[in-house]
Amino acid sequence: MYLGAQLFTDSEYEQRLIRVRELMDRQGLSAIIVTDPANIYYLIGYNAWSFYTPQMLFIPIEGEMVFFAREMDAHGAHRTSWLSEEQIVGYPESYVHRPHVHAFDWVAWALRQRHLIAPASRAGSVGLEMDSHFFSPKAYRALHNAIPEWKLVDNFELVNWVRSVKSDTEVQLMRQAGMVCSEAMRAAIETIDVGVRQCDAAAAISQAQITGTDQFGGDYPAIVPLLPTGAAADTPHLTWHQGTFTDNEAVVIELTGAHNRYHCPLARTVALGSPTKELDYVAKATAEGLNNVLDAIRPGVATRELASTWNWSLAKYGLEKPSRLGYSIGIGYPPDWGERTISIRTEDETILETNMTFHIVCGMWMDDYGFELSESVRVSPTGVETFTSFPRELIRK
């Protein structure tokens, strides 16, 4: 039984593959090898914690796709994927974590057995996800040595770019992820207080993330709850420790809701006791800047214009943010919920389209303190839709 059958129609999966092949043709690729678990999930629905071992989806410009995974995982891949059992191939256990061989050595042989490697006279370029978290140098070397007919090239996040514009069904899943996110943020704000251990707050957040709502549960998140606190809030991406929260310090909370692998991140900052004048000032400037950016979002606007709006808003307060303002989001697997495509910064010329979705991250990492405010949004036909509705301000407890 295909457990993901109710998520997307056969037609939607077909359209995704058509768009991928259109881009392949435009780049002159005869095939691509997909190793990013988010892209594999997007194209065939496969969903399991197997990405720590080599796996790939082979997509020729014509003909059937083939999914290769560790034998024990391939055995049950049809439980979530819509592929036929003939299109799912397992490599032997003896190729797992061996120093002098790689699973893709065996996969290369299997591709030859299936006559999926064109003769040198007709072989074109084969696109690889060269910046995928789960495509190692050893994997590249295995393919390079075993299939000299292929010209291996970077496909420049080809599938990720197809994912950047969501279907209406995907948008609905992100709305549901937003509801899970809201539950997690409420749990965070209610739990964080003077004398509470940071690990206990993280536990409350994690429980809410997985429990979800009465209507639907949550998934494991691509990133754990982030809780930079006090002076350490001048640095993003810090997790929790077993110490307690203390009076007169601010806690930055960045977390997500996940539902059917779709993610909706959110950040807020809680002040325990009396916030400093500096923190109050930065919070006011950040909130104003975020609201201005949200007002500027609509189809046809270049992402660089959003970055410029943000920069001018901060400049009025004598502030600046060197890092990017946000990025495209959707499907997420560890270690990241971003799509690794569109970044909101002044150098990005991408034009906003309806049903693009972003995490707008207004993180201000100052000296010995910090403030973060973010929203996950959809570009709607007339403007912007936010997936959550928490006040955009410094939260005081």
Item checked: Alpha carbon Rg of the chain, scaled by the compact-globule rule 2.2 N^0.38 Å -> 1.06
Item checked: Simple label model, 7 Å out from Cα along Cβ direction - Ser84 to Thr239, nm -> 4.4
Notebook entry, point to check: How do Thr246, Thr350 stack up against each other in accessible area, from largest to smallest, with a 1.4 angstrom probe?
Noted result: Thr246, Thr350
Note to self: Tell me which of Ile32, Val171, Gly217 sits at the most positive position along the dipole axis of the chain, charges placed on C-beta atoms (Lys, Arg +1; Asp, Glu -1).
What the structure shows: Ile32
Note to self: Ranking request for peptides 151-159, 212-220: highest mean number of other beta-carbon atoms within 10 Å first, then the rest in descending order.
What the structure shows: 151-159, 212-220
Check: Which percentage, to the nearest 5, of the DSSP beta bridges contained in the range 15-112 is antiparallel?
Finding: 65
Item checked: Carbon and sulfur %, accessible surface of the range 223-305 computed with the full protein complex present, 1.4 Å -> 49
Item checked: Extreme residue, positive dipole direction of the chain, given options Trp106, Ser136, Asn248 (C-beta unit charges) -> Trp106
Margin query: How charged is the neighbourhood of Val224? Take every other residue with its Cβ under 15 Å from the Cβ of Val224, and add Lys/Arg as +1 and Asp/Glu as -1.
Written below: -4
Check: Taking a probe of 1.4 angstrom, what is the accessible area of Ile18 in Å², to the nearest 10?
Finding: 70
Next item on the list: Using only C-alpha atoms and all pairs of different ones, pull out the Kirkwood radius for the range 79-154 in Å with one decimal.
Entry: 13.9
Next item on the list: Report the antiparallel proportion of the DSSP beta bridges in the chain as a percent, rounded to a multiple of 5.
Entry: 75
Notebook entry, point to check: Dipole of the range 294-366 (Lys/Arg Cβ +1, Asp/Glu Cβ -1, origin at the Cα centre): which of Gly332, Leu319, Ile297 lies farthest to the positive side?
Noted result: Leu319
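How big is the dipole moment of the range 261-302 about its Cα centre under a simple scheme where the beta carbon of each Lys and Arg is +1, that of each Asp and Glu is -1, and everything else is neutral? Debye, nearest 20, please.
So the dipole magnitude of the range 261-302 works out to roughly 200 debye.
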Notebook entry, point to check: Looking only at the range 83-107, which residues have a backbone nitrogen under 13 Å from a spot 7 Å from the Cα of Met72 in the C-beta direction?
Noted result: 92-97
Next item on the list: Could you compute the FRET efficiency for Ile210 and Lys151, with r as their C-beta to C-beta distance and R0 at 51 Å, rounded to 0.05?
Entry: 0.70
Notebook entry, point to check: Residue separation times 0.36 nm, minus the C-alpha to C-alpha distance between Asn311 and Lys138: what's the value?
Noted result: 58.1 nm
Notebook entry, point to check: Taking the alpha carbon gyration tensor of the range 1-104, what are the square roots of 5 times its eigenvalues, largest first, to the nearest whole Å?
Noted result: 23, 18, 10
Notebook entry, point to check: Listed here are the pairs Lys166/Lys321; Lys166/Lys316; Lys166/Lys284; which of them are more than 31 Å apart at the Cα?
Noted result: Lys166/Lys316; Lys166/Lys284
Next item on the list: Calculate one ³J(HN,Hα) per residue across the range 25-30 by plugging θ = phi - 60° into the Karplus curve 6.51 cos²θ - 1.76 cosθ + 1.60, and present them in order as whole Hz with x for glycine and proline.
Entry: 4, 5, 8, x, 9, 8
Margin query: If you average the C-alpha positions of the range 227-263 and of the range 362-378 separately, how far apart do those two centres end up, in angstrom?
Written below: 11
Notebook entry, point to check: Could the peptides 161-168, 372-379, 234-241, 55-62 be put in order, highest first, of the mean number of other beta-carbon atoms found within 10 Å of their residues?
Noted result: 372-379, 55-62, 161-168, 234-241
Next item on the list: Multiply the residue separation of Glu288 and Gln27 by 0.36 nm, subtract the distance between their alpha-carbon atoms, and state the gained length in nm to one decimal.
Entry: 89.8 nm
Margin query: Give me the dipole magnitude in Debye, nearest 20, for the chain about the Cα centre, with unit charges on the beta carbon: positive for Lys and Arg, negative for Asp and Glu.
Written below: 420
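The values are calculated or read from the model by the stated rules, or taken from the named source; none is laboratory data. None of these values were measured; they are calculated from a predicted model. Note: ideal-geometry Cβ built from the backbone for every residue, glycine included; neighbour counts use all protein chains shown. Note: areas computed on protein heavy atoms with side chains; ligands, DNA, RNA excluded. Shrake-Rupley method; radii C 1.70, N 1.55, O 1.52, S 1.80 Å.
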